[in-house]
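Structure first, commentary second.
The values are calculated or read from the model by the stated rules, or taken from the named source; none is laboratory data. Note that the coordinates shown come from a computational prediction; the quantities given were computed from them, not determined experimentally. Neighbour counts are summed over all protein chains in view; Cβ atoms, including those assigned to glycine, are modelled from backbone coordinates with ideal geometry. The area values use the complete protein model at the heavy-atom level, side chains included, leaving out ligands, DNA and RNA. Shrake-Rupley method; radii C 1.70, N 1.55, O 1.52, S 1.80 Å.
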Amino acid sequence: MNYEEYSDGELYSLICESDEDAKDLLFVKYKYIIDIVIKKYAFSAMKYGFEYKDLYQEALVGFSDALQSYQEDKNSSMATFITLCVDRRLQNTIRKAGRVKNKVLLESLSLDHVYEEYNIPLREVISDNNLHDPLTNITKDEEFDELLEFIEKSLSSSEYEVYKLLIAGLSYNEIAKILGKSPKQIDNAIQRIKNKVKEILDNRETI
C-alpha cells in the first residue's frame, strides 16, 4: 500500500474498519507535522526537563488521538486536525508538569509568539498596529465566544484552517507546509482574514 494511492477520506474509512496498514500510511504521510509542532515547544520543554523523546512520545499520542476522533465532516483537513491535536497534547503535557507559568507558555503560544521572518509577534503580523489589532480587541471582549462564531462563519473553509493554525502559533512557512500551499498563498489568506475580522469589529462598534 502507498498513501499516494488513497485519499485521506479513504484511509480514514479503512482506519474505522480497524485497518492498521491505513493508520501506518497516514502516519508516514503526516509524521512531518510532529517535528513542526515539537519545534514550537522545544525551548519551553528544555527549560523544564523534557527531552525530545518525551515530547515525541506525547506527540505520537496526540497523533493517534487525532486519527481516532477525526470525522470527515469536520471543518478541518486531516493535516490541520492532526496539527491541532498534537499541539493540544504537547501544550497540556507541559502544563501538567506544574512548573510552567503563563509567561513561559507565551514564548511558544498564541498572540505573543514571535515569527523569525518578521521578528514581531503574531498580534502585529495580522494587524496594522497594536492600537487596531483585531485579535487583541477580541480577547478583551466579554462576548468572546460570540465573536469567534461570527469569525468562523465569515471565513471560507480554507481561510478558517489557516486561522486556526495561525492562532496555534505556527509560522507562515509551517502553515504552508502543513496545508500544501505556498507561503504567498498563506500570506494572502492572512490578509483576507485580517480584513474580515476588522469588518466584524467595525460593524459591532456601529451597533
Among the residues that make up region 44-62, is at least one of them farther than 21 Å from GLU159 by Cα, modelled with pLDDT of 90 or more, assigned to a loop (DSSP other than H, G, I, E, B) and open to solvent by 50 Å² or more (accessible area, probe 1.4 Å)?
no
Enumerate the pairs (first residue in region 82-99 and closer than 13 Å to ASP65 by Cβ and open to solvent by less than 30 Å² (accessible area, probe 1.4 Å); second residue anywhere and modelled with pLDDT of 90 or more and of a type in the set (Ser, Thr, Tyr)) with beta-carbon separation below 6 Å, excluding pairs fewer than 6 apart on the same chain, so at least 6 apart or on different chains.
ILE82/TYR30
I'd like to know if region 10-17 contains one or more residues that are outside any helix (DSSP H, G or I), more than 20 Å from the chain's Cα centre (by Cα) and at pLDDT 85 or above.
yes
Residue among ALA66, ALA22 that is outside any loop (DSSP other than H, G, I, E, B), at pLDDT below 90 and of a type in the set (A, V, I, L, M)
ALA22
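The rows are residues; the columns are (1) among the polar types (S, T, N, Q); (2) touching a residue at least 24 places away in the same chain (Cβ under 8 Å).
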| site | (1), (2) |
| --- | --- |
| GLU159 | no, yes |
| VAL162 | no, yes |
| LEU166 | no, yes |
| LEU170 | no, yes |
| GLU174 | no, yes |
| GLY180 | no, yes |
| PRO183 | no, no |
| ILE190 | no, yes |
| ASN203 | yes, no |
